[in-house]
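Engineer: Sharing a structure, written as structure tokens. Questions coming.
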Amino acid sequence: MSASIDQASFNIISNGLHGIAQEMGERLVRSAYSTIIREARDCSTSLLDRNGRIVAQAQFCPIHMNSFGMVFQAFARRFDLSTIRPNEGLITNDPYSGAQHLNDIVLFTPIFYRDRLVAFSASLGHHIDVGGGAAGPNAGATDVYSEGLRIPLTRFDFDRDLGDGLLEQFIRINVRPPDDVMGDIYAQIAANRTGEARFIEMIERFGEDMVLAGVGELQDYSERLARQAILAIPDGTYRAEDFVDDNGFTDERLKVAVKIVVDGDNLTLDFAGSADQTKGIINSPLASTISAAYGAIGILLGGGDIPVNDGLYRPIRTVDVPYGSFLNPSQPRAVRARNNACHRVYNVIMRAMAEVVPDRVLCSGHDTTNAIGMGHMSADRYRVYMEVVGGGWGASAGADGADVVDGYVGNCSNVPVESLELDYPFLRVEEYALRRGSAGAGERRGGMGARRVYRILDDEVSFNSYSDRFKIAPWGLFGGQPGEPSRFTVERAGESLSLPSKGNFPLRAGDRLIIETAGGGGYGDPSKRDPALVARELADGLIDARQAAEYRANQAKGD
């Protein structure tokens with residue numbers, strides 16, 4: 001503990017900082033226009049110190065972990081931020097400048113106290129549309145230019161550049177639903193202003209020196225916890241690999257490989273051996289790859305108990321990602337579906353550490369972003385629907401996998417059907433259910449995937465999507481069985497049309513679009529599953545008689 005702050009004050013200030021970040025996130029969600037932020041909560045908020053190091057981050061999307069710091073450093077290299085003024089901001093969505101993909105717009109605003117720069121507020125929102133070749137994911141994109149509007153590292157003035165100013169007008173003219181997009185940007189501004197107000201209130205209550213000492217101590221505290229957790233892992237080198245199904249153009253699998261070296265209270269990660277950069281939208285920019293790796297390490301070290309800030313990452317000496325691989329592509333490769341690769345980054349880290357810390361890892365789940373997008377030009381305006389449909393999580397030593405939730409690196413919520421149908425009158429949801437039979441068997445079963453059925457009500461609706469785990473099933477551990485893979489289908493005039501995991505497809509009035517997401521892998525020998533759980537799940541309709549019989553047969557063999 002720093003000599004400049006006592007334990008009681010530290011506890012109050014550290015919890016207060018996390019409360020500020022969380023309140024910023026809630027303000028963003030409640031102020032947003034689009035369903036992807038307002039309902040699905042595809043956004044993140046953070047407080048940074050004056051040097052751009054993360055102090056506290058709201059518990060929203062893990063893929064955004066530490067990406068604020070990487071983007072900020074890009075801004076610091078581009079501009080002299082010592083001259084930034086209270087009415088200025090920093091904005092970008094450039095994946096080759098530390099951001100994620102083009103839909104994720106990052107906004108920083110400075111926090112001043114008595115004319116001194118003391119911190120920064122930061123927010124990131126996934127925007128429903130940024131132009132490009134499709135209303136939603138452009139699965140046919142072969143470069144970033146085809147994916148939409150690319151905002152360079154931009155330092156702007158609120159009075160000059162918003163409203164009728166160049167920045168807002170340039171964004172508006174390049175997107176399909178300009179009111180939704182700008183409404184969400186203004187929601188980000190509101191979130192940042194909330195962070196500014198609350199941080200200043202904290203300084204006025206406790207004093208500037210005390211608060212800034214608390215900021216530094218909170219980062220040091222996370223570092224200490226992380227190092228203690230690493231020390232509990234045996235020194236050694238651990239390796240694993242997993243695969244993305246394909247790039248959307250060929251059937252070739254794309255390998256993600258990792259080598260993790262544990263040395264005392266430090267870690268290094270090396271992704272040498274991963275597939276080369278590729279055609280299509282599944283390349284992952286460096287910031288996304290590193291964020292996914294940090295998030296997986298955070299789960300292994302603390303399971304969410306270590307505060308998320310700059311200190312959590314300090315024990316990770318290096319994350320080496322070969323330039324020119326699909327985990328660190330060169331410009332101008334397309335990157336919209338980078339979460340497909342990022343989920344495999346998470347998977348290989350879990351797989352590599354399974355033998356040495358089996359009680360901390362999760363099996364593979366559906367572990368992808370099941371990005372479901374539709375666009376329709378109606379008589380009044382263009383409507384763009386975008387949602388991430390969840391699936392089954394992998395099981396762990398202590399629990400069954402969760403049913404129908406977003407993949408780990410995304411963590412988005414469901415969009416309520418009522419809200420969806422109100423905002424998008426060209427569709428109706430006929431079914432939203434657990435996908436029974438999709439979970440991998442095990443002593444702890446995997447989570448169940450989702451089954452969602454859309455009825456299309458108008459012609460000329462475009463279906464634009466990306467997903468994965470269609471071909472390579474989610475794997476189990478220690479005798480656990482794999483989950484069922486995902487599949488997308490269109491029923492049209494008595495025909496059943498199978499769709500690829502990444503694609504753009506025209507829909508007609510009367511079509512039924514059926515989304516079935518993967519179940520999670522099981523953990524441990526199915527013969528050891530509690531018979532009472534099997535009986536209860538059979539009675540509840542979560543498994544059928546065939547699956548129950550398989551469990552009982554395995555149990556008989558085990559006996």
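Engineer: Can you pull out the residues in the range 395-405 that are in a loop (DSSP other than H, G, I, E, B) and within 16 Å of the chain's Cα centre (by Cα)?
Structural biologist: The one that is in a loop (DSSP other than H, G, I, E, B) and within 16 Å of the chain's Cα centre (by Cα): VAL404.
Per-residue answers, yes or no, for (1) under 21 Å from the mean Cα position of the chain (by Cα); (2) under 30 Å from ARG114 (Cβ atoms):
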{"site": "ASP209", "(1), (2)": "no, yes"}
{"site": "GLY216", "(1), (2)": "no, yes"}
{"site": "ALA229", "(1), (2)": "no, no"}
{"site": "ASP235", "(1), (2)": "no, no"}
{"site": "ASP276", "(1), (2)": "no, no"}
{"site": "ALA287", "(1), (2)": "yes, no"}
{"site": "GLY302", "(1), (2)": "yes, no"}
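Engineer: If you scan the range 510-558, which residues turn out to be touching a Lys or Arg at 6+ places or on another chain (Cβ under 9 Å) and hydrophobic (A, V, I, L, M, F, W, C)?
Structural biologist: LEU513, ILE514, ILE515, ALA518, LEU533, VAL534, LEU542, ILE543
Engineer: Among the candidates ASP530, ASP525, single out the residue that is surrounded by 15 or more Cβ atoms within 10 Å (Cβ to Cβ) and among the charged types (D, E, K, R).
Structural biologist: ASP525
Engineer: Let me ask you something else. Please list, ordered by first then second residue, the pairs with beta carbon atoms under 6 Å, 6 or more apart or interchain, first in the range 510-534 and farther than 30 Å from SER467 by Cβ, second of a type outside the set (Lys, Arg).
Structural biologist: ASP525/GLU443; ASP525/GLY479; SER527/ASN554; SER527/GLN555; SER527/GLY558; LYS528/GLU443; VAL534/ALA548; VAL534/TYR551
Engineer: GLN219 - would you say it is touching a Gly at 6+ places or on another chain (Cβ under 7 Å) and either among the hydroxyl-bearing types (Ser, Thr, Tyr) or on the phi < 0 side of the Ramachandran plot (or both)?
Structural biologist: yes
Engineer: Same structure again: Would you check if LEU513 is under 30 Å from THR142 (Cβ atoms), of a type in the set (A, V, I, L, M, F, W, C) and more than 28 Å from the chain's Cα centre (by Cα)?
Structural biologist: Values: under 30 Å from THR142 (Cβ atoms): yes; of a type in the set (A, V, I, L, M, F, W, C): yes; more than 28 Å from the chain's Cα centre (by Cα): no.
Spelling it out, it is not the case that LEU513 is under 30 Å from THR142 (Cβ atoms), of a type in the set (A, V, I, L, M, F, W, C) and more than 28 Å from the chain's Cα centre (by Cα).
Engineer: Does the range 498-509 contain any residue that is aromatic (Phe, Trp, Tyr), surrounded by fewer than 24 Cβ atoms within 10 Å (Cβ to Cβ) and either out of contact with any Ser or Thr (no Cβ under 8 Å at 6 or more places or on another chain) or under 15 Å from GLY365 (Cα atoms) (or both)?
Structural biologist: no
Engineer: Taking ARG78 as the residue in question, decide whether it is modelled with pLDDT under 95 and either over 22 Å from PHE10 (Cα atoms) or open to solvent by 10 Å² or more (accessible area, probe 1.4 Å) (or both). Please lay out each step first, then the result.
Structural biologist: Values: modelled with pLDDT under 95: no; either over 22 Å from PHE10 (Cα atoms) or open to solvent by 10 Å² or more (accessible area, probe 1.4 Å) (or both): yes.
It is false that ARG78 is modelled with pLDDT under 95 and either over 22 Å from PHE10 (Cα atoms) or open to solvent by 10 Å² or more (accessible area, probe 1.4 Å) (or both).
Engineer: Another one. Please go through the range 242-269 and give me each residue that is open to solvent by 30 Å² or more (accessible area, probe 1.4 Å) and outside any strand (DSSP E or B), ordered by number. Break it down into steps so the answer makes sense when it comes.
Structural biologist: Residues of the range 242-269 open to solvent by 30 Å² or more (accessible area, probe 1.4 Å): 243, 248-253, 255, 259, 261, 263, 265, 268.
If the condition is that a residue be open to solvent by 30 Å² or more (accessible area, probe 1.4 Å) and outside any strand (DSSP E or B), then GLY248, PHE249, THR250, ASP251, GLU252, ARG253, ASP265 are the ones that fit.
Engineer: Of these, GLY214, GLY207, which one is more than 30 Å from VAL356 (Cα to Cα), open to solvent by less than 30 Å² (accessible area, probe 1.4 Å) and out of contact with any helix residue (DSSP H, G or I) (no Cβ under 7 Å at 6 or more places or on another chain)?
Structural biologist: Going through GLY214, GLY207 in turn, the sole match is GLY207.
Engineer: Further question: What about ARG27, is it open to solvent by 50 Å² or more (accessible area, probe 1.4 Å) and within 21 Å of ARG314 (Cα to Cα)? Write out each step before concluding.
Structural biologist: Working: open to solvent by 50 Å² or more (accessible area, probe 1.4 Å): yes; within 21 Å of ARG314 (Cα to Cα): no.
So ARG27 does not fit the description; no.
Engineer: Can you spot a residue in the range 218-233 that is part of a loop (DSSP other than H, G, I, E, B) and not acidic (Asp, Glu)?
Structural biologist: So far as the range 218-233 goes, yes, one or more of its residues are part of a loop (DSSP other than H, G, I, E, B) and not acidic (Asp, Glu).
Engineer: Follow-up question, since we're still on this one. For ASP94, all conditions in the list (1) surrounded by 20 or more Cβ atoms within 10 Å (Cβ to Cβ); (2) free of Cβ contacts under 8 Å to residues at least 12 places away in the same chain; (3) of a type in the set (Asp, Glu) hold save one; what is the number of the exception?
Structural biologist: (2) is the only condition that ASP94 fails.
Engineer: Taking the residues in the range 395-414 that are of a type outside the set (Val, Ile, Thr), buried (at least 19 other Cβ atoms within 10 Å of the Cβ) and touching a Pro at 6+ places or on another chain (Cβ under 7 Å) as candidates, determine which candidate is farthest from SER44 (Cα to Cα).
Structural biologist: TYR408
Engineer: I would also like to ask the following. Looking at (1) modelled with pLDDT of 90 or more; (2) assigned to a loop (DSSP other than H, G, I, E, B); (3) out of contact with any Asp or Glu (no Cβ under 7 Å at 6 or more places or on another chain); (4) closer than 23 Å to ALA473 by Cβ, which is the one condition that is false for SER527?
Structural biologist: (2)
Engineer: Where the second residue is open to solvent by 30 Å² or more (accessible area, probe 1.4 Å) and modelled with pLDDT of 95 or more and the first is β-branched (Val, Ile, Thr) and lies in the range 150-179, which pairs have Cβ atoms under 9 Å and are six or more apart or on separate chains?
Structural biologist: Filtered contacts from the range 150-179: ILE151/PHE170; ILE171/PRO178.
Engineer: Still on this structure, I have one more. Within the range 138-150, is even one residue of a type in the set (Gly, Ala, Ser), within 24 Å of THR45 (Cα to Cα) and in a loop (DSSP other than H, G, I, E, B)?
Structural biologist: Scanning the range 138-150, I find at least one residue that is of a type in the set (Gly, Ala, Ser), within 24 Å of THR45 (Cα to Cα) and in a loop (DSSP other than H, G, I, E, B), so the answer is yes.
Engineer: While we're here: Being open to solvent by less than 40 Å² (accessible area, probe 1.4 Å), over 16 Å from LEU48 (Cβ atoms), of a type in the set (Phe, Trp, Tyr) and part of a strand (DSSP E or B) narrows it down to one of PHE108, PHE120, PHE156, so name that one.
Structural biologist: Details: PHE108 fails: over 16 Å from LEU48 (Cβ atoms); PHE120 fails: over 16 Å from LEU48 (Cβ atoms).
Step by step, each of PHE108, PHE120, PHE156 is checked, and only PHE156 is open to solvent by less than 40 Å² (accessible area, probe 1.4 Å), over 16 Å from LEU48 (Cβ atoms), of a type in the set (Phe, Trp, Tyr) and part of a strand (DSSP E or B).
Engineer: I would also like to ask the following. Would you say VAL335 is at pLDDT 95 or above, under 24 Å from VAL262 (Cα atoms) and not acidic (Asp, Glu)?
Structural biologist: Judged against the criteria, VAL335 is not a match.
Engineer: Further question on the same structure: Which count do you get for residues in the range 38-70 that are part of a helix (DSSP H, G or I) and either modelled with pLDDT of 95 or more or open to solvent by 20 Å² or more (accessible area, probe 1.4 Å) (or both)?
Structural biologist: 3
Engineer: Could you grab me the full set of residues in the range 415-428 that are open to solvent by less than 20 Å² (accessible area, probe 1.4 Å) and not aromatic (Phe, Trp, Tyr)?
Structural biologist: Within the range 415-428, VAL415, SER419, LEU420, LEU427 meet the criteria.
The values are calculated or read from the model by the stated rules, or taken from the named source; none is laboratory data. Quantities reported herein were computed from a predicted structural model and do not represent experimental measurements. Using ideal geometry, Cβ is built from the backbone for each residue, glycine included, and neighbour counts are taken over all protein chains shown. Keep in mind that these areas ignore ligands, DNA and RNA; they rest on the heavy atoms of the full protein, side chains included. Shrake-Rupley method; radii C 1.70, N 1.55, O 1.52, S 1.80 Å.
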